[in-house]
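Trainee: Have a look at this one before I ask anything.
The values are calculated or read from the model by the stated rules, or taken from the named source; none is laboratory data. These figures come from a predicted structure and were not determined experimentally. Here the Cβ positions follow ideal geometry from the backbone for every residue, glycine too, while neighbour counts run over all protein chains shown. These area figures cover heavy atoms from the full protein model, side chains too; ligands, DNA and RNA do not enter into them. Shrake-Rupley method; radii C 1.70, N 1.55, O 1.52, S 1.80 Å.
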Amino acid sequence: MADGNDKKQKGASFLSRIRARGELQPGDVISGRGHYRIIRLLGEGGMGRVFLAEKLGPRDFSKLMAIKVLPKDRIKSQYDVGMFFEEGRITGNLIHPNIIQTYQIGERRNYYFMVMEHVFGVTLLSFIERHAELGREIPLAYGCYIIGRVLSGLHYAHNKHNREGKHLGIVHRDVCPSNIMISYRGVPKLSDFGVAKMKTTPIDEKKINFGKYPYMAPEQVRREGTTPRSDLYSLGLVMYELFTGKLVHEVGDTQMLLADLEGDPVPPPMEISPRIPADLSNLIAKAMDLDPEKRFRSAKVMRQALDNVMFTHFMFPDPDDFATYLCEIFPDAAQHRWW
């Protein structure tokens, strides 16, 4: 039997042979630089421009990605840079089929960038506007399907823990139609966590408002702090618009929204659109309650209530059928459906 020194020598020799063959070992670091070829501009928002890009690799490997770039003029602001990297920290480990994934965040001399999943599809805002152009009402089954999937993504984000098992306390704070993507394969995905927060976020909500005014929760615009129920309120406003075609709060600043919130009660959705069943109308109203304690307790509870509504009214939408429907109303959908 070999003694301890013999074992150490054999072990060291074995590791040497493994490393000589270039095989990876725990603790090794793989160094490299990704190469991304910009194809075209996809959109522009408050925190930068988003480009369609192609990730290049050996032996003709390529993959389409979206790259969000913080422009030069924003780099001068430590606040903007901090928010950009906070978004990367929040989304980097959010892995869910109904949330846009973030793969990498990096920096160069003149800009910071974020590499994300690219989705061939449209925003929910475009989906709503397209139906208005065509003079068509959004089918209730597909509308409920979209919202149900967004709720699944929110439930995951709201309950996300870090690697040490600590609850991160993520709140999106900007749930709105332009931040919900619908792929041409019929998969809704929540996007743009640019103003999201978690427990470690250093920004004081008592001093700064985040989000888009027409979709802000009352406690959000009053700078009282946000919770997951604030996201559910915003999603309730999205549902109201989705099914009635009416924007609840047509406002452009804090004072307008506060005045709107203190004005006449919002009519129940079924009064605006009689096709909406009473239980669905009540669900939307509950999500939009001005008192956070009277809203749904969580995204999961709201999703379960929505599932019950769908089951009651025999709504069983299929993603493939929804994708086919998208091909009917969007000319480009068929081309990209199977990409």
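Trainee: Could you provide, to the nearest whole Å², the per residue accessible area of the chain with probe 1.4 Å?
Mentor: Ligands and nucleic acids excluded, the result is 54 Å² per residue.
Trainee: Say a paramagnetic label sat at a point 7 Å from the Cα of ILE39, along Cα to Cβ; which residues of the range 69-113 have their backbone N under 19 Å from it?
Mentor: Counting only backbone N, you get 69, 100-104.
Trainee: Check the straight Cα-Cα distances from LYS76 and name the lysines below 25 Å, setting aside those fewer than 8 residues away within the same chain.
Mentor: Of all the lysines, those that pass the test against LYS76 - Cα under 25 Å, at least 8 places apart if same chain - are LYS68, LYS197, LYS206, LYS207, LYS212.
Trainee: THR312: accessible area at probe 1.4 Å, nearest 10 Å²?
Mentor: 80 Å²
Trainee: Then there is this: Which of the aspartates and glutamates could a cross-linker bridge to LYS189, judged by Cα under 17 Å and excluding same-chain residues fewer than eight apart?
Mentor: Straight-distance partners of LYS189: GLU87, GLU117, ASP174, ASP231, ASP318, ASP320.
Trainee: May I ask you to derive the FRET efficiency for LEU64 and ASP264 from their Cβ-Cβ distance with R0 = 51 Å, giving the value to the nearest 0.05?
Mentor: With R0 = 51 Å, the Cβ-Cβ based efficiency is 0.60.
Trainee: Moving on to the next point. Could you order the peptides 53-60, 226-233 from most to least packed, using the average number of other C-beta atoms within 10 Å per residue?
Mentor: 226-233, 53-60
Trainee: How large, in percent, is the carbon and sulfur part of the accessible surface of the chain at a probe radius of 1.4 Å?
Mentor: Taking all protein chains in place, the chain shows 52 percent carbon and sulfur surface.
Trainee: Then there is this: Using a 7 Å offset from the Cα along the Cα-to-Cβ direction at both LEU125 and ASP253, what is the distance between the two label points in nm, to one decimal?
Mentor: 2.1 nm
Trainee: Just the Cα atoms of the range 126-277, one point each, no solvent: what log10 I(q)/I(0) does Debye give at q = 0.10, 0.12, 0.14, 0.15 Å⁻¹?
Mentor: -0.38, -0.55, -0.74, -0.84
Trainee: While we're looking at this one, here's another question. Zone of ASP321 (label point 7 Å along Cα→Cβ, backbone N under 20 Å): which residues in the range 274-302?
Mentor: 275-277, 280
Trainee: Any chance you could run the full-extension gain for ILE203 through ARG109? It's 0.36 nm times the residue separation minus the Cα-Cα distance, nm to one decimal.
Mentor: 31.2 nm
Trainee: Can you match log10 I(q)/I(0) by the Debye sum over Cα atoms at q = 0.07, 0.11, 0.12, 0.15 Å⁻¹ to one of these, [x] -0.41, -0.82, -0.91, -1.17; [y] -0.36, -0.78, -0.91, -1.34; [z] -0.30, -0.79, -0.96, -1.55, based on a calculation from the structure here?
Mentor: It is the value labelled [y].
Trainee: In the full protein assembly as shown, how much of HIS96 is accessible to a 1.4 Å probe, in Å² to the nearest 10?
Mentor: The value for HIS96 is about 40 Å².
Trainee: Size of the dipole of the chain about the Cα centre, Lys and Arg at +1 and Asp and Glu at -1 on the beta carbon, nothing else charged, in debye to 20?
Mentor: 1860 debye
Trainee: By how many nm would the segment from HIS161 to GLN304 lengthen if fully extended, with 0.36 nm per residue of separation less the alpha-carbon distance?
Mentor: So the chain would gain 49.2 nm between HIS161 and GLN304.
Trainee: For a protection proxy built on the mean count of beta-carbon atoms within 10 angstrom, sort 105-114, 183-192 highest first, please.
Mentor: 183-192, 105-114
Trainee: Another one. So what are the ³J(HN,Hα) numbers for the range 220-226, from phi and the Karplus equation (6.51, -1.76, 1.60; θ = phi - 60°), rounded to whole Hz, Gly and Pro as x?
Mentor: Values per residue, Gly and Pro as x: 6, 5, 8, 6, 9, x, 10 Hz.
Trainee: Mean shadow of the range 64-106, computed from the convex hull of its alpha carbons, in nm²?
Mentor: Result: a mean projected hull area of 3.5 nm².
Trainee: For the range 287-334 and the range 244-264, what is the separation of their C-alpha centers, rounded to whole Å?
Mentor: Answer, in whole Å: 24.
Trainee: At 0.36 nm per residue, minus the direct Cα-Cα distance, what do ALA334 and ILE272 gain on full extension? Give it in nm, one decimal, please.
Mentor: This chain segment gains 19.0 nm when fully extended.
Trainee: So how far apart, in nm, are the two label points at ARG222 and LEU134 if each is 7 Å from Cα heading toward Cβ?
Mentor: Reported label-point gap for ARG222 and LEU134 is 4.1 nm.
Trainee: Could you rank the peptides 66-73, 139-146 by their average count of other C-beta atoms within 10 Å per residue, with the highest value first?
Mentor: Highest mean packing first, the order is 139-146, 66-73.
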